[in-house]
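Worksheet for the structure shown next.
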Amino acid sequence: MQTTDLGKPRFSLNIQGYLLAGILTIMPLVAVWLVFNFLLGILYRAGQPLAEPLGDALKKRWPELAPWLDDPAAQWILAVIVALFVLYAIGALTSRVIGARLFGLFERVVTRIPLVDTIYAAAKKLVDVLRQTPDSSQRVVLIDFPQQGMKTLGFVMKTFADARTGEELAAVYVPTALNPTSGFLEIVPVATLVACDIPTDQAMAMIISGGAVAPEKFSIAPPPVSQR
């Protein structure tokens, strides 16, 4: 190893620096993998009940496929493909008038089942709100979470009055970073909310990416009060 005039080596392993650089390099890939692993796991569990009888039917029709279909990896892939096909079929069906009517009939049946109707209505409302463009009653906001002085993105799901004081309150859904399907429900005074002018899809992208995908200009300060 060559040395400098001071007798110190020109090259060093710099283990800490290279490890940190490697971690930062693969972090986006890890985030993508976590999201896809979560989604693929759901697809596998949803498609498995249909994939098993389909695999048995294929083995009876084409026995030469039995070694491949008995492979756990092939069974996993088949279950995911079946789930994706079912989702595609549902989307194609409900996009047509007859399918929409059939799905509406299914919803009416579901809403008559005790407890199930409450869960289904709440989940559908959440999806509908997140798909809508933010407006005066359903919008992206900043709230103090998990403690005072720390801000996080949230979605105003509903506003209502305090039964005792009459103060206007808001039910704010705070999604978890990287996995927005889980999160927290916060009941906070409307006066403490900081409105954000970013659309819902951009806010969701910021949450899923852990803040890596963020607007070029972003402020956590309350808007200035206009003076008349």
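The values are calculated or read from the model by the stated rules, or taken from the named source; none is laboratory data. All values derive from a computational prediction rather than experimental measurement. FYI the Cβ positions are ideal-geometry reconstructions off the backbone, even for glycines, and counts take in every protein chain you see. These area figures cover heavy atoms from the full protein model, side chains too; ligands, DNA and RNA do not enter into them. Shrake-Rupley method; radii C 1.70, N 1.55, O 1.52, S 1.80 Å.
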Round to a whole number: what % of the accessible area of segment 165-212 belongs to carbon and sulfur, probe 1.4 Å? 61 percent
Once amide H atoms are built 1.01 Å from N in the peptide plane, which residues 5 or more positions from LYS151, or in another chain, come under 5 Å H to H? PHE145
Protection proxy (average C-beta count within 10 Å per residue), highest first, orders 78-84, 92-98 as 78-84, 92-98
So, for segment 29-103, what is the accessible surface per residue at a probe of 1.4 Å, expressed in square angstrom? 75 Å²
Separation between the ILE187 and TRP33 pseudo-spin-labels, each 7 Å from Cα along Cα→Cβ, expressed in nm? 4.2 nm
How about LYS124: which aspartates and glutamates have a C-alpha closer than 20 Å to its C-alpha, ignoring those fewer than 8 places off in the same chain? GLU107, ASP135, GLU186, ASP201
